[in-house]
1. I need the fraction of alpha carbon pairs in region A:238-361 separated by more than 21 Å, rounded to a whole percent.
2. Of the candidates A:Gly79, A:Gly323, A:Gly29, which one comes out as most mobile in a Gaussian network treatment of chain A with C-alpha springs shorter than 10 Å?
3. First obtain the Kirkwood hydrodynamic radius of region B:312-361 from its Cα pairs, then insert it into the Stokes-Einstein equation at 25 °C and 0.890 mPa s, and state the resulting D in µm² per second as a whole number.
4. What are the nm distances, shortest first, from A:Ala233 to its equivalents in the other copies, labels at 7 Å along Cα→Cβ?
5. I want to check the label-to-label distance for A:Arg188 and A:His339. Put each point 7 Å from Cα in the C-beta direction and report it in nm to one decimal.
6. Shielding of A:250-262 by partners, i.e. mean partner chain Cβ atoms within 10 Å per residue?
7. Plugging the Kirkwood radius over Cα pairs into Stokes-Einstein for chain A, at a temperature of 25 °C and a viscosity of 0.890 mPa s, what D comes out in µm²/s?
8. Once you place label points 7 Å from the Cα toward the Cβ at A:Arg72 and B:Asp71, how far apart are they in nm?
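Just so it is clear, none of the values below were taken in a lab; they were calculated from the coordinates. Since this is a predicted model, take the numbers as computed values, not measurements. Neighbour counts are summed over all protein chains in view; Cβ atoms, including those assigned to glycine, are modelled from backbone coordinates with ideal geometry.
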2 protein chains.
Amino acid sequence: MAKHGQAYGTGGESGGENKLVERIARHFGKRAAGFVSLGMGDDAALVRPAPGNDIILTCDWFLEGTHFLRDRHPAEAVGWKCLARAVSDVAAMGGVPRCFLLSLALPEPLTGSWLDAFLRGLRRAARRFRCELAGGDTTSRREVLINITVAGEVRRGRASRRSGARPGDILYVSGRLGEAELGLKLLREGNAERPGQPALLRLADAARPGQLARLARRDMHVKKHLYPEPRLALGRWLREKRLPTAMMDLSDGLSSDLPRMCDASGVGALIDAARLPLPRVHEQEQKRGLDALQLALHGGDDYELLFAVSQRNASRVPASLAGLRITPIGKIVKARQVHLLDRAGRTSVLHAAGWDPFSRA
Amino acid sequence: MAKHGQAYGTGGESGGENKLVERIARHFGKRAAGFVSLGMGDDAALVRPAPGNDIILTCDWFLEGTHFLRDRHPAEAVGWKCLARAVSDVAAMGGVPRCFLLSLALPEPLTGSWLDAFLRGLRRAARRFRCELAGGDTTSRREVLINITVAGEVRRGRASRRSGARPGDILYVSGRLGEAELGLKLLREGNAERPGQPALLRLADAARPGQLARLARRDMHVKKHLYPEPRLALGRWLREKRLPTAMMDLSDGLSSDLPRMCDASGVGALIDAARLPLPRVHEQEQKRGLDALQLALHGGDDYELLFAVSQRNASRVPASLAGLRITPIGKIVKARQVHLLDRAGRTSVLHAAGWDPFSRA
């Protein structure tokens, strides 16, 4: 805890941490309105839920080397994704995000253009999700460390939980599973083998972050990995219709997340492999060992919703909502295990093989 | 994002992250009551403020190597202090802490006894501050990374802010300043020169964490550094009496924090060195260059309260509250600079030289 000596005057002359906070404030503004009654610049933020609402609180790590790679992930995508991940937890409760706290630690050399690109991505996400920056904490560190806390609102007692699934309920997922994992693999390989995407994949190695960020959006899978979309509208719609008996978001992969819902509900599940909405894997990728079913079962970072609906209500679940497909993938069973029914009609235990930070190779 | 293969059954067989969450739940319990209507184990926590209350939200980093040293700070103190720091922000608003989220990243070898000691210290702090664990996020990492989010409550529109200080207001601090910094220096030196404390200081090098934690409490300064006490009762009392025109907690040191209050309020301040409540520095420590005034001006980690009160209300500020001294140390002035009046009657600009992570030697 070394010292430095700097004059204090009428702003602008104070220490490095103050300057960083000022830079963040320039991107977001300090004004507070609506839910946030006191924003950045004080000891804490003040928020004011509407009468009759519960507050949803969630936090998420986003760490260089663990959750992203600085040489592969554009700063703008880091900014977008760190918020999207946390907001996805609010979607999973059927809630509405309102504000977030940004805890940011980063190396001094990144406090210039990298920080600006990061804040641009973060601000774009904040606007998309209507989730306002309300405060945070900053410090200096050799690597980029991010922690995001999101506060949301939901009608009192109406939040969707993980714990209400009952035997016989139908299991659904939104979107396609495994796409983000496929995108990550393409991004990591950084090669030009994928038809139609040579520019992006070469650029993943060499491009300036801004270029890469623009090009990334051309490729659906890389885009889904870099710029995930929390399923806020679907989560809220389902909760308002009181359809889910249990709901959660898929962040670590179906085989790791579904057991958590089953544990919380005291039930098991049977997944039908033939019904899983698989990612489109090109022939060349298949030759390199990429398997659509494995990606769908174990791939992380999709941020799709997984939910259970009673058989009685199953007819009320649409095949899609605002263009987002909704697929029944199996059912809840009494025996507390997760099984997979394969295309040959054989049933086997589904082993949790999604993302687990304590089991990395 | 490597894979692992583990069977999922009726609990206990799932991945490393699940086990870590289970261990945390064993220390804290998963029950939710009162403010927290849904605690650990779901996508997010649900909290329910009393009607007519604002929610206070704050978050704080506590990082190995930046905010603590694993070989000097017992795990129990790390657990206590990471929560105390964040709760102190709630004290500074005059609020009541209710619950917290724990984001924890740590190396796999520390998930045993180190984690248990950490959780003991955290639980002790949680009980002391009546602040319940409501959720969080865990991951694996080479170094210990902690981020704490605290949610508190305060009567709507009544929170104490940094921004209301006016020229002529009297400035006060609670307790003594610089004690925690002195404690840190003693802990880092780890020598036996200090009269009456040889055992502790030798043990700071060699003791098992549990021993050190017990012994540390014998020494006031080391204790204040390891186990700070957020000034919750004072903050709440002052806010209820509506005395502070501005209030904040001192985390980085008076010379760094006071300018922040002045900036927020659009004012300056004049500090009277002769009135500062100094730490007691032994003669031998003075010989080694430790200066009480420098410690009081620039020492961080005290978590005392700094507040301004109008001259009209100054007579209502007691000399102490429940044994905690309250000292007038200067006044708010119009000119937007912070000056120090020394014992010789000379006035000079007070340079910000407290803790700044971006200016470490």
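1. Tail of the P(r) past 21 Å holds 42 percent of the pairs.
2. Taking springs between Cα atoms under 10 Å, the residue moving most is A:Gly323.
3. 170
4. 5.5
5. 3.3
6. 3
7. Here the translational diffusion coefficient equals 113 µm²/s.
8. In this crude label model, A:Arg72 to B:Asp71 measures out at 3.4 nm.
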